[in-house]
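The values are calculated or read from the model by the stated rules, or taken from the named source; none is laboratory data. Fair warning: this is a prediction, and the values are worked out from it, not measured in the lab. Every residue, glycine among them, receives a Cβ derived from its backbone with ideal geometry; neighbour counts consider all protein chains shown.
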Amino acid sequence: MAFYSRTGTTKRVAEKLAQLLTSDVEEIFDTTNRMGFFNWLRSGRDAGTKRLTVIRKTEKDPSFYDVVVVGSPVWNSSMSSPVRTYLSQSKGLFKGVAFFLTSNGSSANDEVFAEMAEVSGKTPVATLALRKKTVMSEQYDSDLDKFVKDIMKT
């Protein structure tokens, strides 16, 4: 599993999924400061214009895994720039992928999943979109269970 989280919401989901899947976890670290109001605005602009960023070198080789679960927050109706960079750098290494998103209420999830598939070069075996409100209220176990079952079918 690989994920990026600016505020901790996506990380919370990734940690639960890692337990359910008993999987390795790779947190994607952006070298750009994304905290604070003006950096939040810049993050939205970067995502909306499909800009790549500089991320720390990852430790785990995606080609080692049958399915890599990739998680991203939704920024400006797009995947986060750090996840776009990770998928771009890892394209050609994935055997299979599954994607999950966290958002404040984006209705563009299908478009974001399609964008992630295009950048990664792979059609996902499963997708999951969660609202931040749902994650914070811990009301998403059944969604996680279905997502995990879909992944395990492969």
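Summary table
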read-out: Every residue from the range 77-100 that is within 19 Å of Lys11 (Cα to Cα) and not hydroxyl-bearing (Ser, Thr, Tyr); value: Met79, Pro82, Val83, Arg84, Leu87, Val97, Ala98, Phe99, Phe100
read-out: Test: residue in the range 43-51 that is more than 27 Å from Leu144 (Cα to Cα), assigned to a strand (DSSP E or B) and either small (Gly, Ala, Ser) or at pLDDT below 90 (or both); value: no
read-out: Top-ranked residue of the range 52-71 - restricted to ones that are part of a loop (DSSP other than H, G, I, E, B) and hydrophobic (A, V, I, L, M, F, W, C), ranked as modelled with the highest pLDDT; value: Val67
read-out: Within the range 134-145, tally of residues that are of a type outside the set (A, V, I, L, M, F, W, C), part of a helix (DSSP H, G or I) and surrounded by 12 or more Cβ atoms within 10 Å (Cβ to Cβ); value: 2
read-out: Selection from the range 1-42 of residues that are under 20 Å from Lys91 (Cα atoms), free of Cβ contacts under 8 Å to residues at least 40 places away in the same chain and part of a loop (DSSP other than H, G, I, E, B); value: Val25
read-out: Flag for Pro124 being within 24 Å of Phe29 (Cβ to Cβ), in contact (Cβ under 8 Å) with a residue 24 or more places away in the chain, in contact with an Asp or Glu (Cβ under 7 Å, 6 or more places away or on another chain) and surrounded by 16 or more Cβ atoms within 10 Å (Cβ to Cβ); value: no
read-out: Among the residues listed as Asp66, Asp61, the single one being closer than 20 Å to Asp150 by Cα, more than 16 Å from the chain's Cα centre (by Cα) and charged (D, E, K, R); value: Asp66
read-out: Every pair of residues 6+ apart whose Cβ atoms lie under 9 Å, when the first sits in the range 141-154 and is closer than 9 Å to Leu20 by Cβ while the second is of a type in the set (D, E, K, R); value: Leu144/Lys16
read-out: Residue check for Ser80: under 15 Å from the mean Cα position of the chain (by Cα) and surrounded by 20 or more Cβ atoms within 10 Å (Cβ to Cβ); value: yes
read-out: Among residues of the range 110-133, those that are in a helix (DSSP H, G or I), more than 23 Å from Pro62 (Cβ to Cβ) and touching a strand residue (DSSP E or B) at 6+ places or on another chain (Cβ under 9 Å), counted; value: 3
read-out: Residues of the range 73-102 that turn out to be outside any loop (DSSP other than H, G, I, E, B) and over 17 Å from Val148 (Cα atoms), as a count; value: 15
read-out: Contacts under 6 angstrom Cβ, first residue in the range 102-121 being in contact (Cβ under 8 Å) with a residue 12 or more places away in the chain, partner in a helix (DSSP H, G or I) and among the polar types (S, T, N, Q), 6 or more apart; value: Thr102/Thr9; Thr102/Thr10; Val119/Ser88
read-out: Matching option when the condition is within 19 Å of Tyr140 (Cβ to Cβ) and of a type in the set (S, T, N, Q), among Asn76, Asn33, Asn39, Asn109; value: Asn109
